[in-house]
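Heads up, the thing below is written out as structure tokens.
The values are calculated or read from the model by the stated rules, or taken from the named source; none is laboratory data. Note that the structure is predicted; figures quoted are calculated from it, not measured. A quick note on method: Cβ atoms are made from the backbone with ideal geometry, for glycine too, and the neighbour counts reach across all protein chains shown.
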Amino acid sequence: MRASTRRDVPWHRRAARGVGLALALCLAVFAVGAVMSVLFVLAMG
Amino acid sequence: MILRPGADDIRLIGFYLGKVLLGLGLVMLIPAAIALIAQEWNAATSFVIGASLCITVGAASDARFHTRRPLTWAHGMVIVALAWLVGAVFAAIPMYLSGRFTDPLAALFEAMSGLTTTGMSVINDLDHTPISEDFYRHLLQFAGGQGIVIVVLSLFAAGGARIATLYASEARDERVLPNFIRTARFIFMVAGTFLVLGTSALFVALLTTGFTPDRALYHAINLFFASFDTGGFSVMQASMSYYHSLSVELIVMVLMIAGTLSFGLHFALWNGDPRNVLRHLETRTLAVTSTIFFAAVCFGLLRAGTYDSVEALFRKGFFTLVSAVSSTGHQVNVGETYLSDWGVLAPAAIVGAMAIGGMASSTSGGIKAIRIGIAFKTLLHDIKRILLPESALVVTTYHAGRRTTLRDDTARAATTILLLFLVTHLVGAMVGLLYGEFDITQTLFESVSVGSNIGISIGVVSPEMPHGLMAVYIAMMWLGRLEYVAVFALMGYVFSLARGKAKA
């Protein structure tokens, strides 16, 4: 991580970036959960 | 030869404990103010008494034991262990005065459960608890989740070196920023950002389910504290099933996942470095273990005929798994149904997920993914050493913020704590069996949930539970939150007080 990254970017933009990426990670987790649910229901339902 | 702690050591410990109590007293003033506004006079009296005691004792300790002596590692460990214990005792005072708990031990259980972000509850008639008292329970999770030690000391103390000792003692050993006070403040920045966004999203979601604006705001704030701090206290007895809302469940899952990410990973995300997150040993460990456990949950639930639709599997099974992995403890079912309706395999998978827990340097509990990952890497390392020629140099690395070489002391520390967690879970299960009221599946489930600071209950924990078991669970929550080392340091300190040789 470059020190200049912290100093150049305002905190609210860093926050938006951090929350946005966290949300993307959560959506990816949900997608895996949903896909697994579908596969299991199709296989065993 | 063990040296007996001297008066200066006791003074140093008393000084910092005083600061912790001062901070706790200030925290109590918030629900006191809410009680006054809501005209909940009994609750207001309880909180004013509690806050007065904390501030009086804390200020007296601060004045009486004032010192500029530097902290050593041993001091830091003892202070942290005592801070959680003494903090829980004082935090229980307004709870006991409220009359909502059968006895002081139950109030202490609730306070320890809140501060350790476990979320098990023994409160009577939760659905009719005054809002200030219910808010206090959730606020304790926020305070405990962000680390009561770091909260108070980053605001009150001066000098980074002393804070560093306490920071590492409190089972958070990842330095996010070089300056520990700045690290503590970054943690609060992340928490504050998610507080605003998460509460707003929950507020809107609750409005759409038919809540009035005041109730929606009240539930949203408390749900945020319980979810992001992976505490798991619920506003209503029915927990998440009270809301019957997919949007609320999705937002809560986002907050639980955000809460289980280590603050180092939050820092990487805030700096636009998601690759660091994806390469991290903890991320990969949790991805693998959670996938395996969810597969087991799906297979078990479908085989038992509990649920047969994608929606039910996701909203019940996946939600419960996320709640277990994040160590939050929110429940979408009545506790007993986990064992009566879920068959055998699905609850067993949940127990496994609870035992592992989330990431280190987060508010999550459990053994922690990093230790599981290191244990697995150690196993691979040993297998490679056996298979390769004796003269071969075997080096195993893993990514934890940066590429790190697996060292023997790291492997030993990880497997020692892993073993301690497992032993504690088994001991807790055996103690539960002594009372003859519960079977092994119940006591093991509950013991793992308590010892890993999860909070999903299948009914063993209740206001009517045996006092001996309640005391054991209090100790387990305390041990689990501090991950044993600080508590053992305290025990060693007490032993050395009694048996140690006086310093020259």
Notebook entry, point to check: For the subset of region B:393-415 comprising residues that are touching a strand residue (DSSP E or B) at 6+ places or on another chain (Cβ under 7 Å) and without any contact (Cβ under 8 Å) to a residue 40 or more places away in the chain, which member is surrounded by the most Cβ atoms within 10 Å (Cβ to Cβ)?
Noted result: B:LEU406
Next item on the list: Considering only residues that are more than 9 Å from chain A (Cβ to nearest Cβ) and not in a helix (DSSP H, G or I), look in region B:272-306 and name the one that is nearest to B:ALA360 (Cα to Cα).
Entry: B:HIS280
Check: Can you name the residue in region B:228-271 that is over 21 Å from B:SER457 (Cβ atoms) and β-branched (Val, Ile, Thr) and, of all such residues, is farthest from the other protein chains (Cβ to nearest Cβ)?
Finding: B:ILE251
Next item on the list: For region B:307-317, enumerate the residues that are more than 9 Å from chain A (Cβ to nearest Cβ) and under 11 Å from A:GLY33 (Cβ atoms).
Entry: B:ARG315
Next item on the list: Find all pairs meeting these conditions: Cβ atoms under 6 angstrom apart; at least six residues apart or on different chains; first residue within region B:378-390 and in a helix (DSSP H, G or I); second residue not aliphatic (A, V, I, L, M).
Entry: B:HIS381/B:THR396
Notebook entry, point to check: Which one of B:ALA324, B:ALA353 is under 29 Å from B:TRP478 (Cα atoms), among the small types (Gly, Ala, Ser), surrounded by 24 or more Cβ atoms within 10 Å (Cβ to Cβ) and touching a Leu at 6+ places or on another chain (Cβ under 9 Å)?
Noted result: B:ALA353
Check: So which residues in region B:83-122 are in contact (Cβ under 8 Å) with a residue 24 or more places away in the chain, closer than 17 Å to B:ASN42 by Cα and not in a loop (DSSP other than H, G, I, E, B), if there are any at all?
Finding: B:ALA91, B:ILE93, B:PRO94, B:MET95, B:LEU97
Next item on the list: Identify, by number, the condition in (1) of a type outside the set (Ser, Thr, Tyr); (2) out of contact with any strand residue (DSSP E or B) (no Cβ under 9 Å at 6 or more places or on another chain); (3) in a helix (DSSP H, G or I) that B:GLY373 doesn't meet.
Entry: (2)
Check: Given the conditions (1) out of contact with any Ser or Thr (no Cβ under 8 Å at 6 or more places or on another chain); (2) at pLDDT 95 or above; (3) under 28 Å from B:VAL122 (Cβ atoms); (4) surrounded by 24 or more Cβ atoms within 10 Å (Cβ to Cβ), and given that B:MET256 satisfies all but one, which numbered condition is not satisfied?
Finding: (1)
Checklist line | Check on B:MET240, buried (at least 22 other Cβ atoms within 10 Å of the Cβ) and not β-branched (Val, Ile, Thr) | finding: yes
Checklist line | Subset of region A:33-45 [at the interface with chain B (Cβ under 7 Å from one of its Cβ atoms) and among the β-branched types (Val, Ile, Thr)] | finding: A:VAL38, A:VAL41
Next item on the list: Look at region A:29-45 and say how many of its residues are among the aromatic types (Phe, Trp, Tyr) and crowded, with 19+ Cβ neighbours inside 10 Å.
Entry: 1
Next item on the list: Examine region B:233-247 for a residue that is over 29 Å from B:SER449 (Cα atoms) and either among the β-branched types (Val, Ile, Thr) or part of a loop (DSSP other than H, G, I, E, B) (or both), and state whether such a residue exists.
Entry: no
Item checked: Close pairs from region B:39-65: first at positive phi, partner at pLDDT 95 or above and not in a helix (DSSP H, G or I), Cβ under 8 Å, at least 6 apart -> none
Next item on the list: Quick one: B:VAL460 ticks every box in (1) under 22 Å from B:VAL334 (Cβ atoms); (2) within 15 Å of the chain's Cα centre (by Cα); (3) among the hydrophobic types (A, V, I, L, M, F, W, C) except a single one, so which number is it?
Entry: (2)
Check: Does region B:318-340 include one or more residues that are in contact with a Phe, Trp or Tyr (Cβ under 9 Å, 6 or more places away or on another chain), over 24 Å from B:VAL450 (Cα atoms) and within 9 Å of chain A (Cβ to nearest Cβ)?
Finding: no
Next item on the list: Kindly list the number of the only condition in (1) within 14 Å of chain A (Cβ to nearest Cβ); (2) buried (at least 24 other Cβ atoms within 10 Å of the Cβ) that fails for B:THR363.
Entry: (1)
Notebook entry, point to check: Assuming B:TYR484 fulfils every condition listed in (1) touching a residue at least 40 places away in the same chain (Cβ under 8 Å); (2) under 24 Å from B:SER227 (Cα atoms) apart from one, which condition is it?
Noted result: (2)
